[in-house]
1. Once amide H atoms are placed 1.01 Å from N in the peptide plane, what residues at a sequence separation of 5 or more from A116, or on another chain, have their amide H within under 5 Å of its amide H?
2. Name the long-range amide H neighbours of V63: under 5 Å, sequence gap of 5 or more, or other chain; modelled H, no Pro or chain starts.
3. Please give the contour-minus-distance gain from V63 to E114: 0.36 nm per residue of separation, less the Cα-Cα distance, rounded to one decimal in nm.
4. Starting at the first residue of the range 66-78, write each ³J(HN,Hα) from the Karplus equation 6.51 cos²θ - 1.76 cosθ + 1.60 with θ = phi - 60°, in whole Hz, x for Gly and Pro.
5. If packing is taken as the mean number of other Cβ atoms within 10 Å per residue, what is the order of 24-30, 103-109, highest first?
6. Full-extension gain between S17 and D99, please, as 0.36 nm times their residue separation minus the C-alpha to C-alpha distance.
7. Tell me, what HN-Hα J-couplings in whole Hz come from the Karplus equation 6.51 cos²θ - 1.76 cosθ + 1.60 at θ = phi - 60° for each residue of the range 40-50, using x for Gly and Pro?
8. If amide H atoms are built 1.01 Å from N in the plane of the peptide, which residues on other chains or at least 5 residues away come under 5 Å of the amide H of C90?
Amino acid sequence: MHELSMAASIVEAVTESVAAYPGARVRQVRLRVGVLSAVVEDSLRFCWEIVTEGSALAGSELVVTVLPVVVHCASCNALSEVEYFGGLRCPRCGEPAGDVRQGRELEIESIEIEEAGEMEDAVASQTHRAGSRFPGGIEERV
Ligand SMILES: [Zn+2]
């Protein structure tokens, strides 16, 4: 259920962001998720489909970048990626390092949208190109 409420809040945030583009459809949403946010990617994708159904985000692709935990060590001042989250220790000097600098993120990195007018524009420019390829009104016979 963690992922369901998470998906719902992401969808809410994305919907707010694209409100400036009426009729736009969301193609892709990129997320940066820290290991410590305990998101199960498969589960999040499953919930994504449910939550986006019938919205401007329906059928959009969810791209998740998982960020490893990075701790700062007060003893040796090192910033290190930590693989094991049993006890957070500085891998450089072995001292306990509770200063987590990365790994708790849950942020929207980017949103790719398709604006409502985009399809019509594409058709219009194609028509224009076709017309200029056949000078002299040949396109009228097509
Ligand atoms: Zn250290």
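1. Amide H neighbours of A116: A24, R25.
2. V29, R30, L31
3. Numbers: separation 51, 0.36 × 51 = 18.36 nm, distance 1.68 nm.
Stretched out fully, the V63 to E114 stretch lengthens by 16.7 nm.
4. 8, 9, x, 6, 10, 10, 10, 9, 6, 6, 10, 6, 7
5. Numbers: 24-30: 17.9, 103-109: 15.1.
With the highest mean Cβ count within 10 Å placed first, the list reads 24-30, 103-109.
6. Working: separation 82, 0.36 × 82 = 29.52 nm, distance 3.22 nm.
That works out to 26.3 nm of additional length.
7. 8, 4, 4, 5, 5, 4, 4, 5, 4, 4, 5
8. Correct list: E95, A97.
Only the coordinates and a few stated rules stand behind these numbers; no lab work does. Note that the coordinates shown come from a computational prediction; the quantities given were computed from them, not determined experimentally. We place every Cβ from the backbone using ideal geometry, glycine too, and count neighbours over all the protein chains shown.
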